[in-house]
Amino acid sequence: MQSNIKYKRALLKVSGEGFGNENGRGIETGRFITLAKEIQKVSEIGAELAVVVGGGNILRGARLGSVGKSRVQADQVGMIATVVNALFLQDILEGFNVKVHVVSAVEIKDITEPFKIRACLQYLKEKDIIIFAGGTGNPYFTTDTAAALRAIEISADVMLKATQVDGVYTDDPIKNASAKRYEKLTYMDVLSNRLGVMDLTAISLSMENKLPIIVFNMNERENIKKAIIGESVGTYIGE
Ligand code: UDP
């Protein structure tokens, strides 16, 4: 089953908007179910998969921080929001008989597991899915940076960045019909043109550690599986 897998171990980043309504807000059960089915397909081909979930559908710290007193505390609320998405996704995956662990950088005893690299590597070897929650555990960071960090820590072969459009474009494809999709970009292209694919910390960390990134549309069926077996989807970012 494994012979046609290009990236044996992958880290999938799903932003909170991927769980929300048409405005990217709230919790849309149907979107969790769709994603869980796609993850199940990856699990069936024997690839090793870890998922980092965002929390922007519920709350982003930078926005709350401008209302309340403390950005640090606002970010803590944001980190908890990612745990909410992670637990919900876990529950739905388990409904599909997928073995899945929620590993959180923010400890919520009895509900999530702490991040211990040895345990995580063992889970991956056993082909269990890991959902990383709580971002990096530190304020002023994003879950994109957490995704790059976790991908490097678990020695992932690729980071799959799930978005709502099918890659990186020369301009906003929704507003500009003549915008073209890039097939391939270098890290430096993204950094120097500030292409806004991910935050710059995440791109720099990926560049330093030669972690390839594939930006793709999560709403197209089998895209996660296609990316893992090496079919061309979205935009590839590398050296
Ligand atoms: N967050 C944080 N540290 C991290 C990751 C996330 O403080 O390492 C907080 C931050 O407030 C952020 C929120 O959690 O706005 C949700 O994460 P993010 O905005 O990255 O979610 P996404 O945009 O991927 O949905």
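Just one of the listed residues (R150, R71) is near the ligand (Cβ under 10 Å from one of its atoms) and among the charged types (D, E, K, R), namely R71. Being near the ligand (Cβ under 8 Å from one of its atoms), open to solvent by 40 Å² or more (accessible area, probe 1.4 Å) and β-branched (V, I, T) is the requirement here; does V53 meet it? It is false that V53 is near the ligand (Cβ under 8 Å from one of its atoms), open to solvent by 40 Å² or more (accessible area, probe 1.4 Å) and β-branched (V, I, T).
For the range 169-189, check the following and say yes or no: at least one residue is in contact with a Pro (Cβ under 7 Å, 6 or more places away or on another chain) and either over 22 Å from G16 (Cα atoms) or within 16 Å of the ligand (Cβ to nearest atom) (or both).
Yes; the residues of the range 169-189 include at least one that is in contact with a Pro (Cβ under 7 Å, 6 or more places away or on another chain) and either over 22 Å from G16 (Cα atoms) or within 16 Å of the ligand (Cβ to nearest atom) (or both).
Annotation note: Cβ proximity below 8 Å between a residue of the range 212-239 that is in contact (Cβ under 8 Å) with a residue 12 or more places away in the chain and a residue that is basic (K, R) and crowded, with 20+ Cβ neighbours inside 10 Å (sequence gap 6+ or interchain) occurs for I213/K161; I214/K161; V215/K161; F216/K161. Could you list all residues from the range 17-31 that are in a helix (DSSP H, G or I), out of contact with any Asp or Glu (no Cβ under 7 Å at 6 or more places or on another chain) and surrounded by 15 or more Cβ atoms within 10 Å (Cβ to Cβ)? Across the range 17-31, the qualifying residues are E17, G18, R31. Sort out which residues of the range 99-122 are away from the ligand (no atom under 15 Å from the Cβ), modelled with pLDDT of 95 or more and surrounded by fewer than 20 Cβ atoms within 10 Å (Cβ to Cβ), and write them in order of number. If the condition is that a residue be away from the ligand (no atom under 15 Å from the Cβ), modelled with pLDDT of 95 or more and surrounded by fewer than 20 Cβ atoms within 10 Å (Cβ to Cβ), then K99, H101, I111, E113, P114, K116, I117, R118, A119, L121, Q122 are the ones that fit.
Going through (1) open to solvent by less than 10 Å² (accessible area, probe 1.4 Å); (2) hydrophobic (A, V, I, L, M, F, W, C); (3) away from the ligand (no atom under 15 Å from the Cβ) one by one, I203 falls short only on (3).
Among the numbered conditions (1) more than 10 Å from the ligand (Cβ to nearest atom); (2) open to solvent by 20 Å² or more (accessible area, probe 1.4 Å), the only one that I131 does not meet is (2). Return yes when I58 is within 16 Å of the ligand (Cβ to nearest atom), among the aliphatic types (A, V, I, L, M), surrounded by 18 or more Cβ atoms within 10 Å (Cβ to Cβ) and touching a residue at least 24 places away in the same chain (Cβ under 8 Å) and no when it is not. Here the answer is yes, as I58 does meet what is asked.
Listed by first and then second residue, the pairs linking a residue in the range 186-199 that is within 19 Å of L12 (Cα to Cα) to a residue that is in a helix (DSSP H, G or I), with Cβ atoms under 6 Å apart and 6 or more places separating them unless they lie on different chains, are Y187/I203; Y187/M207; V197/V190; M198/D144; D199/D144.
Which members of the range 203-223 meet the condition of being within 17 Å of D157 (Cα to Cα) and either small (G, A, S) or not in a helix (DSSP H, G or I) (or both)? Once the filter is applied, which keeps residues that are within 17 Å of D157 (Cα to Cα) and either small (G, A, S) or not in a helix (DSSP H, G or I) (or both), the range 203-223 yields S204, S206, N209, K210, L211, P212, I213, I214, V215, F216. What about K210, is it more than 24 Å from G24 (Cβ to Cβ) and at pLDDT below 95? Answer is no for this residue.
The values are calculated or read from the model by the stated rules, or taken from the named source; none is laboratory data. Note that the structure is predicted; figures quoted are calculated from it, not measured. Glycine also receives a Cβ, built like all others from the backbone with ideal geometry; neighbour counts cover every protein chain displayed. In case anyone asks, the SASA skips ligands and DNA or RNA and just uses the protein heavy atoms, side chains included. Shrake-Rupley method; radii C 1.70, N 1.55, O 1.52, S 1.80 Å.
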